[in-house]
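The values are calculated or read from the model by the stated rules, or taken from the named source; none is laboratory data. The model shown is predicted, which means the values in this text are computed figures rather than measured ones. Ideal geometry is used to build each Cβ from the backbone, glycine not excepted, and the neighbour counts take in all protein chains shown.
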Amino acid sequence: MGDAARVWADGRLDVRGESCPYPELYTLEALDAIGSGKVLEVITDCPQSFIRIPESVRVHGHALLSERRDGTTRVYYIRAR
């Protein structure tokens, strides 16, 4: 995975404060809505989503481009299939 600072996002989803499974579900919905080939930035602070989001996006055919830790928050850059 590359450096998150170099990834351009076409959209942003901030799910801080949401508990699982909502960050994962909202991420998948946003990826379906954003359009093929576009990049979504996802910001979460739910510890379970640190595992579930990367796994789920891969299972659904999306590409996790980058992951960055920022204190208790994770930022993901994901390319929609």
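Tabulated data for the structure shown
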| quantity | calculated |
| --- | --- |
| Unmet requirement for residue 20, which otherwise passes all of (1) at pLDDT below 95; (2) closer than 15 Å to residue 77 by Cα; (3) not acidic (Asp, Glu) | (2) |
| Residue within the stretch 60-72 that is β-branched (Val, Ile, Thr), surrounded by 14 or more Cβ atoms within 10 Å (Cβ to Cβ) and closer than 20 Å to residue 18 by Cβ present | no |
| Residue check for residue 18: surrounded by 13 or more Cβ atoms within 10 Å (Cβ to Cβ) and either touching a Lys or Arg at 6+ places or on another chain (Cβ under 9 Å) or touching a residue at least 40 places away in the same chain (Cβ under 8 Å) (or both) | no |
| Of residues in the stretch 39-81 being part of a helix (DSSP H, G or I) and among the β-branched types (Val, Ile, Thr), the one nearest to the chain's Cα centre (by Cα) | 53 |
| Qualifying positions in the stretch 33-46 - touching a Lys or Arg at 6+ places or on another chain (Cβ under 9 Å) and exposed (fewer than 13 other Cβ atoms within 10 Å of the Cβ) | 36, 37 |
